[in-house]
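Derivation of every value follows stated rules applied to the coordinates shown; laboratory data play no part. Given the structure is predicted, the values throughout are model-derived calculations rather than measurements. Neighbour counts run over all protein chains shown; Cβ positions are idealised from the backbone, glycine included.
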Amino acid sequence: MKKTTLAMSALALSLGLALSPLSATAAETSSSAMTAQQMPSLAPMLEKVMPSVVSINVEGSTTVNTPRMPRNFQQFFGDNSPFCQDGSPFQSSPFCQGGAPGAGNGGGQQQKFMALGSGVIIDAAKGYVVTNNHVVDNATVIKVQLSDGRKFDAKIVGKDPRSDIALIQIQDPKNLTAIKLADSDALRVGDYTVAIGNPFGLGETVTSGIVSALGRSGLNAENYENFIQTDAAINRGNSGGALVNLNGELIGINTAILAPDGGNIGIGFAIPSNMVKNLTSQMVEFGQVKRGELGIMGTELSSELAKAMKVDAQRGAFVSQVMPNSSAAKAGIKAGDVITSLNGKPISSFAALRAQVGTMPVGSKITLGLLRDGKPVTVNLELQQSSQTQVDSSSIFKGIEGADMSNKGQDKGVVVSDVKPNSPAAQIGLKKGDVIIGANQQPVKNIAELRKILDSKPAVLALNIQRGDSSIYLLMQ
């Protein structure tokens, strides 16, 4: 590397000597251009925003499971052994803590911890600060430090582990500055972003980047995820901090990073401000999130699935099953429908639909745009109380081996007479008594027609199943 550098330096020197008059002219032109148009600075915007971003110090305790002396050791020492009695040097060891005699685990021990994070003031008068749930979870003491050095005690107003959002309240707030929330639905890939937080406990730190992607999910399938992805550097301690636009408006709460080796690689995730607004408003009102649900199972509409289902759309949420008596069922949504919009805004995937609906309170009235048999349909419905039946069924298995089938007769489909436990057929959800009446939008009258479709080896197979009084779809790829 040094040799290469030296060689390049020598070449640059020789070129500089040969072309010095031209180089001088170019430098003068460049200098005058820079004088005429100064490089922009983020400083004026940051001076207004940084007072609304806080550092959070947490003390807490959590229960950890500890091992207990195995039964064979207890038998060796004898059930009345002084090994774990008062005065024994082993009495305080993990092998003697809690649990029933002979148990493999010793039950729980309280372990104290300290944690650092960030937060954003969203209501100056009431002292409300939004942060991540994982920053304040199991906290017994919460201290908030402002950019001017002032410190306050804080208490938890509400938290929601499924979205990783928590709302805390500064006690006796005085002279606070709240941030303005932007409309995160208006974000576009390529928009500039600025991340502000307290990485590694260093204090307020600013990094910048762009919106790398929108609607990211998949970090935790059980959670409600609709992340903004950014390449602005986000590190440990940034959790709960602000992601803002160039106007100094909050567009997201920094939450997670993709860090295979523990460090920042330019892939960070933030919870959109619109999602934050919906969740925190419920926490203020109820102290918790009372989320509504549609009552459907589904998956993302991939290009292969769209082709198999003969759907003229590339993005959306494919409905594989509708729960009885759910909001979706009452509105007339059917298995096989593709949800393409929510309240007039496009839906990119099932995860995005689930996340957006999951931030809406029970009783919310919404409008869904659907594609049914290739035709647009609009339905209006009211969200019911969540029973956690709105599940992403994107975990698909290949093959339907393990199912015994027979013709139903009179060209009415293929009956599943038995399903072997743990077989591929069982894994995709086939059950004894199911009747396969279609596959990839083609009717299935008998085993021969089903075999013909399977022999074509489609990239995705969508089986239309009649199960009791319900019609559902099972997906395989």
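Quick one: if you take sqrt(5λ) for each eigenvalue of the C-alpha gyration tensor of region 161-245, what semi-axes come out, biggest first, whole angstrom?
They are 23, 17, 15 Å, listed largest first.
Looking at region 190-289, which GluC sites (Glu not before Pro) are DSSP coil and have at most 14 other C-beta atoms within 10 Å of their C-beta?
222
Going by amide H atoms built from the backbone, whose H comes under 5 Å of the H on residue 473, apart from near neighbours?
Under 5 Å from the amide H of residue 473: 321, 465.
What number in nm² do you get for region 174-224 if you take the convex hull of its Cα atoms and divide its surface by four? Walk me through the numbers before you get to the answer.
Working: hull surface 24.1 nm².
Directional mean of the projected Cα hull area for region 174-224 stands at 6.0 nm².
Where Rh denotes the Kirkwood radius from the mean inverse Cα pair distance, what is Rg over Rh for region 292-392?
Here the Rg-to-Rh quotient is 0.93.
Within region 204-299, which trypsin sites (Lys or Arg not before Pro) sit in a loop by DSSP and count at most 16 neighbouring Cβ atoms inside 10 Å?
Sparse-neighbourhood loop trypsin sites (Lys or Arg not before Pro): 290.
Starting from the Cα of residue 420, draw a straight line to each of the lysines and keep only those under 21 Å, dropping any in the same chain fewer than 8 residues away.
Filter leaves 398, 408, 431, 432.
Can you tell me the alpha carbon radius of gyration of region 403-476 divided by the globular rule-of-thumb value 2.2 N^0.38 Å?
Normalised Cα radius of gyration, region 403-476: 0.99.
Explain nothing, just compute: Karplus ³J(HN,Hα) = 6.51 cos²θ - 1.76 cosθ + 1.60, θ = phi - 60°, for every residue of region 149-166 in order, whole Hz, x for Gly and Pro.
Per residue, the Karplus-derived 3J(HN,Hα) values read x, 5, 10, 9, 7, 9, 10, 7, 8, x, 8, 9, x, 5, 10, 6, 10, 9 Hz.
Which of the lysines could a cross-linker span from residue 180 if the Cα-Cα distance has to be under 28 Å and same-chain partners fewer than 8 positions apart are dropped?
48, 126, 143, 151, 155, 159, 277, 290, 345, 365
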